[in-house]
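Student: Structure incoming, see below.
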């Protein structure tokens, strides 16, 4: 990465980047598909995983007429499992908020993400929080990230977006925002590396130093 503008905003993905929700997501997916009578397995979940889970529904050959029901059933099963913050997430956010405005752009539904932000006492950390349903299009379409930038009154060139999936990278690039990829618990590493991110971190703990280097 080369320095182009002062870095004013750092925006994050939620699941897999700040929140370790892999087990909850995977188990809810398996249980919901089983309830719908669809053949699904952990291997299939990992092979077809995407933050735009409608792609998973297509891979499972679930008729579109059942997608809303699948969403409701998934949320029901998800509540049976607990997620935790990624190691270092709270410390990294505390460091970055001293110099940058922080935002959240996630494919998670608003009620679930808001509840988790309250649970982990992180609501006040973010100047903007864009969730599924806030825009017509989902990742990797740039609309969710563009909406967050509008709410934060920041230009794309002044920001970076931090995520753990190739869809995060694509959304960032289409929005004109620099992307930082970080490896997380979801099965995205192979596709993430193939997407050739400008910057790939092994863990979230590396982010503050990486951002300092971007601006040096």
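Student: Being free of Cβ contacts under 8 Å to residues at least 40 places away in the same chain and either in the same structural domain as residue 51 (by TED's automatic domain parsing) or over 20 Å from residue 49 (Cβ atoms) (or both) narrows it down to one of 206, 170, 158, so name that one. Give the steps one after another, and end with the answer.
Tutor: On the way: 170 fails: either in the same structural domain as residue 51 (by TED's automatic domain parsing) or over 20 Å from residue 49 (Cβ atoms) (or both); 158 fails: free of Cβ contacts under 8 Å to residues at least 40 places away in the same chain.
Testing whether each residue is free of Cβ contacts under 8 Å to residues at least 40 places away in the same chain and either in the same structural domain as residue 51 (by TED's automatic domain parsing) or over 20 Å from residue 49 (Cβ atoms) (or both) leaves just 206.
Student: Has region 151-160 got at least one residue that is closer than 23 Å to residue 111 by Cβ and over 15 Å from the mean Cα position of the chain (by Cα)?
Tutor: Going residue by residue through region 151-160, those that are closer than 23 Å to residue 111 by Cβ are 151-152.
Those still in the list that are over 15 Å from the mean Cα position of the chain (by Cα) too: 151-152.
Checked against the condition, which is being closer than 23 Å to residue 111 by Cβ and over 15 Å from the mean Cα position of the chain (by Cα), region 151-160 yields at least one hit.
The values are calculated or read from the model by the stated rules, or taken from the named source; none is laboratory data. Keep in mind it's a predicted model, so treat the numbers as computed, not measured. Ideal geometry is used to build each Cβ from the backbone, glycine not excepted, and the neighbour counts take in all protein chains shown.
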